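Asks: Attaching a single structure in structure tokens format; questions to follow.
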Amino acid sequence: MFVTFLLLQASRLLWGPRDDRESPTPEDGCGLDESGQDLAEYALLISLIALVVIGAVTLLGTQLIAAYNNITATLNFGGGGS
């Protein structure tokens with residue numbers, strides 16, 4: 001019950017209060033609410049980007065670690081040089 005209340009309040013904050021008194025017009029898309037569609041598209045886009053990043057790190061992770069270790073091994077970080 002509390003979760004339903006929270007979801008209702010969140011939807012009112014995101015999309016404003018629902019006013020059923022207005023009649024749909026062709027300019028409004030015949031009354032179709034497409035605000036949720038935009039949110040779903042953004043969610044799909046973010047999940048696709050996350051999958052690409054995870055795949056790239058998985059494939060190139062060991063090579064990146066080896067390259068980083070080679071760079072740090074060649075640099076002198078105050079290890080008692082002259």
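Quick note: the coordinates plus some simple rules give every number you see, no bench work behind them. Quick caveat: nothing in here was measured; it's all calculated off a predicted structure. As a convention, Cβ positions derive from the backbone with ideal geometry for all residues, glycine included, and neighbour counts pool all protein chains shown.
Asks: Which length gain, in nm to one decimal place, applies between L75 and L44 when the Cα-Cα distance is subtracted from 0.36 nm times their residue separation? Don't jump to the answer; show the numbers that get you there.
Replies: On the way: separation 31, 0.36 × 31 = 11.16 nm, distance 4.26 nm.
Using 0.36 nm per residue and subtracting the Cα-Cα distance, I get 6.9 nm.
Asks: Follow-up. Between A66 and I54, how many nm apart are label points set 7 Å from Cα along the C-beta direction?
Replies: Calculated label separation equals 2.5 nm.
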